[in-house]
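For reference, the structure discussed in these notes is given below.
Just so it is clear, none of the values below were taken in a lab; they were calculated from the coordinates. If you're wondering where the values come from, they're calculated on a predicted model, not measured in any experiment. All Cβ positions, glycine included, derive from the backbone under ideal geometry; neighbour counts span all protein chains shown.
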Ligand code: FAD
Ligand code: UDP
């Protein structure tokens, strides 16, 4: 008999969900993380009373009732709805693309007028089957919106020309012919009151957690302690990069505390021109409507400028790159992973998958069902 039934490598949402469920089912669980804190990439920390999203802004949104019920056991969610604005050389537009955007761009008032304007620009561009992101964008919203709100932002974000990017990237963005500027098509949306770290702390209550502990540096020792391992770190690192390195897209954050109550009047402002070096600025306090947990106004503000950057091995892995080359390499690692006795790979890094938070939780809940059946 080993000391633990399950060792969970990584205290992000995947690891914490599995840990909570197995612990509840009476299993003895140990969670380790190489970082000095729990919660993985959803980690939040307070600065002058403001909850700061350290690894990028995280807005919880889902259509999955089971996941929504699950997370609501650990946190109360506020009514935050993501409605970013775009700043194109000082012109302000509402995002995602809705009647507010079309009205500001063209002065049109009805959905019919907006559709006619897009049709007119689409026809002038003469695109049949979109072959790249530029053509896809023009087909969806016309040339003006493409030029002012998509081209510069996308090229900064992906470091490539829109004509060299696949059409599907832009399909994530809603296009609406209503006056609804909610960024997400989701039944449920909000931010956990008190921050994500507090939510994950609640998930891990009563479970042993060791921080600053890298599994890969002590693999034998940990394997000897547990019957099975759930590994949520990068799959290529687990195998010592023996088949090559999977690539990521990186974001650099420049965070500043400002001695003013209101910098930009919104949680997210996208800078959609090509020249501004950052892609967007997040003003964290607006995720909580500018108030602390007791409803008091906060006198200062914290902003984070986001820069898209070239990822290199050793950097923080943010977004998996969904292209053919990396997809094929991942498949090879996945085949090795299948053969690994008593180890299950999960989460954003373990499965090299662009998961939203609700999807990562759903995937962890599925795994637990399998393990318990
Ligand atoms: P992670 O949170 O990365 O957790 C993995 C953990 O494993 C980490 O803590 C890491 O330190 C640890 N680890 C790795 N290797 C080892 C090792 N060898 N030993 C010990 N520990 C190890 N989703 C949304 O739904 N809404 C959003 O608004 C949103 N915004 C995002 C913004 C950004 C910039 C990014 C990058 C992602 C965003 N996401 C968003 C996605 C969300 O962050 C992920 O779905 C989620 O955090 C993934 O959880 P995870 O547990 O799989 O991975
Ligand atoms: N996008 C854009 N202008 C914007 C916001 C987004 O052109 O102001 C495009 C861009 O190509 C981006 C894609 O829409 O990659 C998806 O946007 P989302 O915010 O969903 O991207 P994420 O940051 O989640 O990858």
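For residue 155, indicate whether it is over 30 Å from residue 284 (Cβ atoms) and within 16 Å of ligand 2 (Cβ to nearest atom).
Values: over 30 Å from residue 284 (Cβ atoms): no; within 16 Å of ligand 2 (Cβ to nearest atom): yes.
So residue 155 fails the test.
Name the residue that is farthest from residue 237 (Cα to Cα), counting only residues in region 1-10 that are part of a strand (DSSP E or B) and under 25 Å from the mean Cα position of the chain (by Cα).
8
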Next on the checklist: residue 56 - would you say it is surrounded by fewer than 20 Cβ atoms within 10 Å (Cβ to Cβ) and more than 18 Å from the chain's Cα centre (by Cα)?
Outcome noted: no
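Of all residues being touching a strand residue (DSSP E or B) at 6+ places or on another chain (Cβ under 9 Å) and crowded, with 17+ Cβ neighbours inside 10 Å in region 29-40, which is farthest from residue 234 (Cα to Cα)? Just the residue, please.
Looking at the filtered set, the residue picked out is 29.
Out of the residues in region 11-28 that are out of contact with any strand residue (DSSP E or B) (no Cβ under 7 Å at 6 or more places or on another chain), touching a residue at least 60 places away in the same chain (Cβ under 8 Å) and assigned to a loop (DSSP other than H, G, I, E, B), which is nearest to residue 209 (Cα to Cα)? Steps first, answer last, please.
Residues of region 11-28 that are out of contact with any strand residue (DSSP E or B) (no Cβ under 7 Å at 6 or more places or on another chain), as a first pass: 12-14, 16-17, 20-21, 24-26.
Now drop any that are not touching a residue at least 60 places away in the same chain (Cβ under 8 Å), which leaves 12-14, 16-17, 20-21, 25.
Those left that are additionally assigned to a loop (DSSP other than H, G, I, E, B): 12, 25.
On the way: 12: 12, 25: 18 Å.
Of everything passing the filter in region 11-28, 12 is nearest to residue 209 (Cα to Cα).
Quick one: which helices (runs of 4 or more DSSP H) lie wholly within region 150-239 and hold at least 3 residues that are more than 14 Å from ligand 1 (Cβ to nearest atom) and in contact with a strand residue (DSSP E or B) (Cβ under 6 Å, 6 or more places away or on another chain)? Spell out how you get there, then give the answer.
Working: elements: 151-158, 196-203, 219-225, 235-238.
Hits in region 150-239: none.
Within region 203-220, track down each residue that is touching a residue at least 24 places away in the same chain (Cβ under 8 Å) and on the phi < 0 side of the Ramachandran plot. Outline the logic, then answer.
Start the filter on region 203-220 by keeping residues that are touching a residue at least 24 places away in the same chain (Cβ under 8 Å), which leaves 203-204, 206-215.
Passing the criteria: 203, 204, 207, 208, 209, 210, 211, 213, 214, 215.
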